[in-house]
Amino acid sequence: MAEPNFWNNPEKAQETVGQLKALKAVLRPLDEAVRAGGDLATLVEMAEEDESLAAEVPGELDRLETMLDELETAALLDGPFDANAALLSINARDGGTDANDWAEMLLRMYLNWAKDHEYETALLDRQDNPEAGINSAVIAVRGPMAYGYLKGESGMHRLIRISPYNAEGKRQTSFAAVDVSPEVSDQSEIEIRDEDVEEQVFRASGPGGQHVNKTSSAVRLIHTPTGITVACQSERSQHKNRAMALKMLRARLARVEEEKREAEQAAKYNLKPKVGFGSQIRSYFLHPEQRVKDARTGASATNFHDVLDGHIQQFLEAYLRWHKSEGRGTRNNG
């Protein structure tokens, strides 16, 4: 980074800056824990000579234990793409207008979580529903270990509530699908052949001004071997939208490769494959009582609105522990 020509290639420079942030995210907490351990040892020695300092020991011990718990959770982020940024897509499924509203509520939830944890976000694609909410949206969440924390969110999210769109006030069940993929660099091992990609251009919709809506700047790419489809309309330039759509496609293909590795590992140890896209992973109840329950880990919360405000870290960490323990337990038995 100290080289004079470092910023000549801004995209490559940003990748290097991202790598530095990821390394600091690992090293800084380790350094703080080591210092806290040394400070605690010193405090204990001083407390043996001065009883007035003894009251401070329990508080410092609790602080160190919290640090160690956080380090233990961070140590679970050891997947091949866990340090990468994440591309998160949300699609409304069954439930009519309620499902569209639910998809937008989830989008807000993830944006709030990212903001609270100082991640950068970018809206890559958004398809609004004419009545309410969204049909779909794609966001990039960039920062250390973004994909590692968010990868367990892939799957179906179910909402049960009294529908605000039903004049009879009936209870409605709505579904939205979340898909999370790691953002990978153009130099990654994920190869995309030109002949395997069908490209479509169309007029962008939603925010962006008259220029965006009057020109066919939006790009949709279809990967024919897998059927994966991605679209980007966040930029005014068709060239930039194409470049971002390629990033999105490469991210989806990287996640497919990761799922293949997990399936092979599961077969090796006679494990059931981990639940993935399309599987119902979490239920959010607003009626008859407020609660959120994860179907895989058993993690739960009783404050529905607190969760929808972005306080989902407990669910993310519970998934990491569940995912790791499932594999360890089977290998020990195998």
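The table for this structure:
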item: Extended-chain gain in nm, criterion 0.36 nm per residue less alpha-carbon gap, VAL17 and ARG35; result: 3.9 nm
item: Likely footprinting exposure, TRP102, TRP113, TRP322, TRP7, fewest C-beta neighbours within 10 Å first; result: TRP7, TRP322, TRP113, TRP102
item: ³J(HN,Hα), Karplus 6.51/-1.76/1.60, whole Hz, each residue of the range 58-66, x for Gly, Pro; result: x, x, 5, 5, 4, 5, 5, 5, 4
item: Long-range Cα-Cα pairs in the range 6-74 (distance over 20 Å), rounded percent; result: 50
item: Mean separation of Cα contacts under 8 Å, 6 or more apart, over the residue count of the range 1-131: relative contact order %; result: 14
item: Neighbourhood charge, 15 Å Cβ-Cβ cut-off, centred on LEU124 and excluding it, Lys, Arg +1 and Asp, Glu -1; result: +3
item: Amide H within-cut-off set for ALA218, under 5 Å, with H built and near neighbours excluded; result: PHE202, ALA204
item: Fewest-first sequence of SER181, SER136, SER234 by Cβ atoms within 10 Å of each Cβ; result: SER136, SER234, SER181
item: Over the range 119-205, volume per residue of the alpha carbon convex hull, in Å³; result: 165
item: The chain, relative contact order [Cα under 8 Å, separation at least 6], %; result: 16
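Every number here is computed from the coordinates shown, using simple stated rules; none is lab data. Remember, it's a predicted structure, so these values are computed and weren't measured experimentally. With ideal geometry, Cβ positions are generated from the backbone for all residues, glycine too; neighbour counts draw on all protein chains shown.
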